[in-house]
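Only one structure is covered here, and it is reproduced in the block below.
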Amino acid sequence: MEAQLERYRNMTGEQRLGIALRLHELSCNVAREGIRAQFPGATEEEVERRLKERIRLAYEIEGKFRLKTT
């Protein structure tokens, strides 16, 4: 873990941002596959709509959690 953290520290901001964006895209793709498994007949538009709704709900829950812990 320490070695990985050191590698991150040695990266440029651009490199770290690239990793973050790739991880975000990976997590969205995993969520899309979960939506497709849950709703096999969903169109691509519906999958994207459900993904956006899940992201919105996650931000809402995170915001409420942060308010309670501060």
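The values are calculated or read from the model by the stated rules, or taken from the named source; none is laboratory data. From a predicted model like this one, the values you see are computed outputs, not experimental measurements. Glycine also receives a Cβ, built like all others from the backbone with ideal geometry; neighbour counts cover every protein chain displayed. Protein only, heavy atoms only, side chains kept; ligands, DNA and RNA dropped before computing areas. Shrake-Rupley method; radii C 1.70, N 1.55, O 1.52, S 1.80 Å.
Data overview
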item: Enumeration of residues in the range 1-18 that are more than 19 Å from the chain's Cα centre (by Cα) and of a type in the set (A, V, I, L, M); result: MET1, ALA3, LEU5, MET11
item: Leading residue by the ranking (nearest to the chain's Cα centre (by Cα)) among those in the range 19-35 that are surrounded by 11 or more Cβ atoms within 10 Å (Cβ to Cβ) and of a type in the set (Val, Ile, Thr); result: ILE19
item: Residue among ALA37, ALA58, ALA31 that alone is in a helix (DSSP H, G or I), touching a residue at least 12 places away in the same chain (Cβ under 8 Å) and at negative phi; result: ALA31
item: Residues within the range 1-47 that are more than 20 Å from LEU57 (Cβ to Cβ) and among the aromatic types (Phe, Trp, Tyr), tallied; result: 1
item: GLU14 vs. criteria open to solvent by 100 Å² or more (accessible area, probe 1.4 Å), free of Cβ contacts under 8 Å to residues at least 60 places away in the same chain, of a type outside the set (Phe, Trp, Tyr) and in a helix (DSSP H, G or I); result: yes
item: Some residue of the range 39-54 being aliphatic (A, V, I, L, M) and open to solvent by 70 Å² or more (accessible area, probe 1.4 Å); result: no
